[in-house]
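Notes for the one structure printed next.
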Amino acid sequence: MQKIKDAITPFKKPLIILLIFGVFFIIVKGIIPAVNEKNAAKTPIVKIEAKNDKTYKNGAKITASDFEVKGIHKDGKKTSLRPKDFEVSKTAPAKIGKFTTVTLSLKTDKTISCKVNVKNERKKVETFACGNPKMDSVKAVLYSNGELCFEGKGDIVQYESGSYPWQQYSGDTVIQSVSFGKGVKPESLDYTFANMTNITYVDAIPSSVQSLCGTFIGDTALKETPDVSNCKNLLDMSKTYQESGIEKAVAIPESVRNADSCFENCTEIQIAPDMSKATGLISAKAMFSGCKKIAKLSLAPNVEDIENICRNCINLKEMPEIPETVKNMDSAFYGNTRLKKVTNIPQNVEKASSCFNGCTKLEGMLWIDANPKEYSGFLGDAVTATTLDLQGNSKMLDVLANTAEDNLNITVNGKQPEDITPYSDVVIEEDSDNAE
């Protein structure tokens with residue numbers, strides 16, 4: 001034991017000094033801050049501040065524990081907050097851009113919050129020159145996070161469907177999102193991203209775009225349509241989302257004139273886009289044909305052609321009000337086996353063949369003012385167990401009722417229809433009188 005004491009003796013003073021410094025360090029770094037935080041905590045938190053120096057790869061998870069958060073109290077003092085004290089607005093990095101903006105808010109008072117831009121891992125993988133008329137004026141840059149970003153100034157060159165260079169790309173990085181730099185001003189994006197089945201997000205479409213024909217055909221992973229609210233000159237949305245995975249759609253812009261097959265066979269969409277302000281829309285052939293989950297929709301106010309618009313929409317229960325401008329209703333509601341509530345056929349309708357063919361559950365009163373020249377199968381295989389009464393100013397009520405071929409469930413003004421079949425029997429005479 002004495003030998004041990006003798007061995008320690010030369011180090012006695014340094015050990016004491018080291019011990020004193022250790023105690024001082026604990027007091028300065030541990031006890032004093034703890035006391036200060038305890039005192040600060042006696043006043044309420046009025047603000048919070050946070051930082052996060054991590055970089056997030058595509059697919060990584062953002063958690064509350066990744067942030068260093070301070071609560072700023074009413075007396076100006078700060079306390080450290082635990083992950084359980086606050087919540088984060090996003091748990092995954094943004095699909096586009098260098099940063100993800102995350103809002104942190106106190107669980108006890110969500111009005112107290114702050115925003116933090118955390119870094120996305122985003123390295124260049126491939127570059128595709130695609131400017132028009134100069135190829136190098138715009139480049140589509142593929143980043144490591146799966147973002148295809150169009151950068152530069154000017155228009156984008158047009159290719160044939162399936163021939164865009166990024167559609168031909170076969171590298172390891174999968175294209176999952178699309179964005180556009182401020183200087184990129186394409187006039188047309190026809191078929192630009194067709195059949196790119198891994199795209200899940202598309203940023204706002206540039207305001208310069210006039211045509212989106214077939215742009216996202218077959219994009220089965222795309223669930224929401226991009227923002228087109230700034231596209232004041234957009235004219236063509238034919239086949240834009242045909243056979244895609246769209247579930248939710250933004251409003252159709254006022255300027256659009258053609259939306260033929262726009263959402264055709266989008267089997268997951270349940271709510272049709274708002275078309276109340278789409279005053280320029282004239283043609284909507286097969287716009288929602290095959291959208292088996294759509295239960296309700298309204299039509300653009302000046303639309304003229306709605307042939308096949310809701311063909312085989314087997315969950316549509318209510319027929320929309322048909323605008324006075326409509327001329328073609330061929331097969332408009334063909335095969336809608338759950339359609340019950342009916343509305344009107346306005347006077348300008350010239351074609352109505354197979355309009356309600358296969359609509360077995362139609363009921364109530366259908367108001368008809370039109371004298372269509374084409375009407376075969378208008379009520380074919382319809383109204384099998386319910387009752388439907390045709391009324392209105394049309395001179396063809398009996399003719400249209402008889403397209404159901406002796407169906408006793410269909411009446412005209414409450415009575416069985418008269419046996420009048422050809423269009424000429426009821427219309428030609430009227431036309432000749434008008435001619436005189």
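Here are a few things to note about the model shown:
- Taking the chain as a whole, the Cys residues whose C-beta sits 4.7 Å or farther from every other Cys C-beta are C114, C130, C149, C213, C231, C262, C266, C291, C355, C359.
- Rounded to whole numbers, the Karplus 3J(HN,Hα) couplings from phi for the stretch 292-308 are 5, 9, 5, 10, 7, 7, 10, 10, 5, x, 10, 5, 10, 10, 10, 4, 6 Hz, using 6.51 cos²θ - 1.76 cosθ + 1.60 with θ = phi - 60°, and x at Gly and Pro.
- Computed over the chain with a Gaussian network model linking Cα atoms closer than 10 Å, the most mobile of I410, I306, I271 is I271.
- Sparse-neighbourhood loop sites, GluC sites (Glu not before Pro) in the stretch 368-419 - DSSP loop, at most 15 other Cβ within 10 angstrom: E405, E418
- Working from Cα pairs under 8 Å separated by at least six residues, relative contact order for the stretch 157-245 is 27 percent.
- The chain - charge dipole about Cα centre, Lys and Arg +1 at Cβ, Asp and Glu -1, debye rounded to 20: 5540 debye
- Shape metrics for the chain, restricted to C-alpha atoms - Rg then Dmax, Å: 33.7, 138
- The stretch 261-318: relative contact order in percent, alpha carbon pairs under 8 Å with at least 6 residues between: 39 percent
- Once C-alpha pairs closer than 8 Å and six or more residues apart are averaged by separation and normalised to the residue number of the chain, the relative contact order reads 6 percent.
- The ratio of the alpha-carbon radius of gyration of the stretch 43-94 to the globular-protein estimate 2.2 N^0.38 Å is 1.30.
- Within the chain, antiparallel bridges make up roughly 50 percent of the DSSP beta bridges whose residues both belong there.
- Virtual spin-label span in nm between D109 and M135, 7 Å along Cα→Cβ: 6.1 nm
- Per-pair calculated FRET efficiency, R0 = 41 Å: S163 and R338 via Cβ, rounded to 0.05: 0.50
- Sites K182 and Q391, calculated FRET efficiency, Cβ-Cβ separation with R0 60 Å, nearest 0.05: 0.60
- Segment D425-D75, length gained on full extension (0.36 nm per residue, minus Cα span): 116.9 nm
- Gain on full stretching of the segment that runs from D172 to E304 - 0.36 nm per residue minus C-alpha separation: 42.8 nm
- Sparsely packed loop sites in the stretch 138-237 (the GluC sites (Glu not before Pro) outside DSSP H, G, I, E and B with at most 15 other Cβ atoms within 10 Å) comprise E160, E187.
- Positive end of the dipole of the chain (Cβ unit charges, origin at the Cα centre): among V184, F378, T267, the Cα lying farthest that way belongs to V184.
- Dipole of the chain, positive direction: furthest Cα of T403, A94, V174, with charges on the beta-carbon: A94
- S144-V46 pseudo-label distance in nm [points 7 Å out on the Cα-to-Cβ vector]: 4.4 nm
- With R₀ set to 45 Å, the beta-carbon distance separating K415 from T325 gives a calculated FRET efficiency near 0.90.
- Within the stretch 240-268: backbone nitrogen closer than 14 Å to the K277 label point (7 Å, Cα to C-beta): 250-256
- Cα gyration tensor shape for the stretch 301-436, rounded if a/c is under 1.5, else prolate or oblate: oblate
- With 22 Å as the limit, the listed pairs K182/K232; K327/K395; K296/K373 have K296/K373 beyond it between alpha carbons.
- For the pair E268 and K373, label points projected 7 Å from Cα toward Cβ lie 4.4 nm apart.
- At most 14 other Cβ within 10 Å, DSSP loop - trypsin sites (Lys or Arg not before Pro), the stretch 96-132: K98, K107, K110, K123
- Note on the stretch 85-180: along the principal axes its Cα atoms extend 56, 28, 22 Å, ordered by decreasing extent.
- Mean ellipticity per residue at 222 nm, deg cm²/dmol - from DSSP H runs of n ≥ 4 across the chain, formula -39500 (n - 2.57): -3000 deg cm²/dmol
We did not get these values from a lab; they are worked out from the coordinates using the rules stated. In this text the structure is predicted, and so the values were computed from the model without any measurement. With ideal geometry, Cβ positions are generated from the backbone for all residues, glycine too; neighbour counts draw on all protein chains shown.
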